[in-house]
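Colleague: The structure under discussion is supplied below as structure tokens; questions concerning it will follow.
Derivation of every value follows stated rules applied to the coordinates shown; laboratory data play no part. The model shown is predicted, which means the values in this text are computed figures rather than measured ones. Virtual Cβ from ideal backbone geometry, glycine too; neighbours counted across all protein chains shown.
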Amino acid sequence: MQDTLGSNISIFLRGLMFIIVTLTILCFISLPLTGTVFAGVLPLVVSSSFLSRTMRAIQRVVQKEKAAMNTIAEESFSNIRTVKAFSNESSEIVKFRAGNQVVYRQGRKKAICQSLLSLVSQALLYGAMAAVIYVATLLYQKDTITIGEISAYIFYLSLLLFNFQIVVWVVGNVASIVGASDKIVELM
């Protein structure tokens with residue numbers, strides 16, 4: 001957990017610093033275009049925070065069920081003679097299978113949330129980029145921005161979008177790690 005959090009936090013901080021610097025540069029190039037970017041990014045922040053909380057809750061359930069499955073397996077293996085003496089193997093298998101099904105369903109929910117987070121972030125970020133191109137076209141027609149400024153803006157915007165995707169990915173990973181560690185913190 002320490003290694004995963006350590007690497008994710010360093011990636012998150014690097015991405016966040018890059019985003020701040022890039023947004024500053026984008027504001028200097030064109031404030032109306034930067035406003036267009038923010039219009040696309042704000043829904044992303046809201047949706048990613050909601051989906052991160054959902055993934056954290058799902059991971060908490062997964063960890064709880066894995067612990068229950070681990071207990072069933074440990075008890076069955078440590079008391080194998082008793083289990084065999086009473087022909088109770090099928091009962092233990094049923095208990096383990098029930099926990100395994102819960103973990104599978106929750107894992108599927110988590111994968112769907114992670115996919116949805118990725119889909120929403122991609123759609124909103126590239127939608128913001130398309131809106132920027134449209135607004136830049138309008139600004140160019142009014143002679144308030146040059147082709148060079150538009151090119152520079154789109155270059156920095158593509159770097160910004162790449163780092164946003166990295167930050168969203170890290171937020172998803174950290175939400176899973178925090179959800180998994182909730183039980184450990186609760187026990188401590």
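Colleague: To the nearest 0.05, how large is the calculated FRET efficiency for A123 and Y156 if R₀ is 22 Å and r is the Cβ-Cβ distance?
Modeller: Working: r = 21 Å, r/R0 = 0.94.
It comes out at approximately 0.60.
Colleague: If each of Q165 and S115 carries a label point 7 Å out from its Cα toward its Cβ, how far apart are those two points in nm?
Modeller: Reported label-point gap for Q165 and S115 is 1.8 nm.
Colleague: With r defined as the distance between the Cβ atoms of V46 and Q101 and R0 fixed at 45 Å, what FRET efficiency is calculated, to the nearest 0.05?
Modeller: Values: r = 33 Å, r/R0 = 0.73.
Efficiency computed from Cβ-Cβ geometry: 0.85.
Colleague: Related question: Just to confirm a number: summing +1 for Lys and Arg and -1 for Asp and Glu over residues other than P32 whose beta-carbon lies under 14 angstrom from that of P32, what do you get?
Modeller: Net charge around P32: -1.
Colleague: Applying 1/(1 + (r/R0)^6) with R0 = 22 Å to the Cβ-Cβ distance of T71 and R108, what FRET efficiency is obtained, to the nearest 0.05? Could the numbers behind the result be given before it?
Modeller: On the way: r = 23 Å, r/R0 = 1.05.
In this case the efficiency is close to 0.45.
Colleague: Follow-up. Quick check for you: which residues of region 9-44 have the amide N under 20 Å from the point 7 Å beyond the Cα of Y134 toward its beta carbon?
Modeller: 30-44
Colleague: Full-extension gain between A39 and S10, please, as 0.36 nm times their residue separation minus the C-alpha to C-alpha distance.
Modeller: On the way: separation 29, 0.36 × 29 = 10.44 nm, distance 2.75 nm.
Stretched fully, the A39-S10 segment lengthens by 7.7 nm.
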